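What follows draws every value from the coordinates through simple rules; no lab data is involved. None of the values given here were measured: they were computed from a predicted structure. Please note: Cβ atoms are built from the backbone with ideal geometry, for glycine as well, and neighbour counts cover all protein chains shown.
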């Protein structure tokens with residue numbers, strides 16, 4: 001097992017255990033830990049609501065998991081000797097494929113298969129091939145953007161560390177924390193935009209069946 005794969009599994013285990021520990025004994029009068037957890041959840045839900053203009057519940061688990069995983073994965077580079085999983089194309093490709101699959105799933109769920117396929121012919125049937133290509137190129141750009149930004153940060157810190165010793169890169173590590181958080185936000189925000197675009201017609205013209213969906 002390669003080191004990025006092992007780090008990925010470690011992050012998933014940590015997220016699972018923390019989520020389980022924080023939700024197994026919820027109280028009406030929350031502890032500090034529960035209050036912090038609720039703040040994170042509500043912040044992500046608010047972002048989903050503002051970006052997609054929908055109730056966040058159906059999308060909260062996906063977007064929240066993507067953001068928290070990316071945040072921990074990007075910050076893994078701060079641990080000496082650890083390469084962040086997002087600095088490998090395989091991890092970024094898998095994340096982009098998750099967003100690609102989620103876009104198809106939520107689009108078909110909101111519109112139905114026939115109407116979703118017909119949406120690629122809007123506003124003209126002549127644009128259908130370009131709209132289909134765009135669906136794939138958006139996912140590819142997600143992968144390349146994440147890989148390039150994370151890899152450049154890791155490379156920069158590695159070079160400075162090798163030339164200047166241990167203390168000088170500390171400000172760069174703080175910058176890397178900020179960059180990692182921004183990249184996690186951008187990836188999650190773009191996932192919301194892509195999914196929101198897929199379900200936009202259902203939002204604008206909901207049918208009675210769609211209005212009854214949770």
Report the per residue volume, in Å³, of the convex hull enclosing the C-alpha atoms of the range 72-124.
100
Largest-first principal axis extents of the Cα set of the range 3-211 (Å):
61, 50, 26
Roughly how many Å is it from the Cα centre of the range 39-86 to that of the range 1-33, as a whole number?
13
Compute the length gained on full extension between residue 23 and residue 82: take 0.36 nm times their separation in residues and subtract their Cα-Cα distance, giving the result in nm to one decimal.
18.3 nm
Report, largest value first, the span of the C-alpha coordinates of the range 63-156 along each principal axis, in whole Å.
53, 24, 17
From the Cα centre of the range 122-147 to that of the range 171-192, the distance in Å is 24
Would you mind computing, in nm to one decimal, how far apart the modelled labels at residue 137 and residue 94 are, each placed 7 Å from Cα along Cα→Cβ?
2.8
So, R0 is 35 Å and r is the distance between the beta-carbons of residue 43 and residue 125; what FRET efficiency does that work out to, to 0.05?
0.25
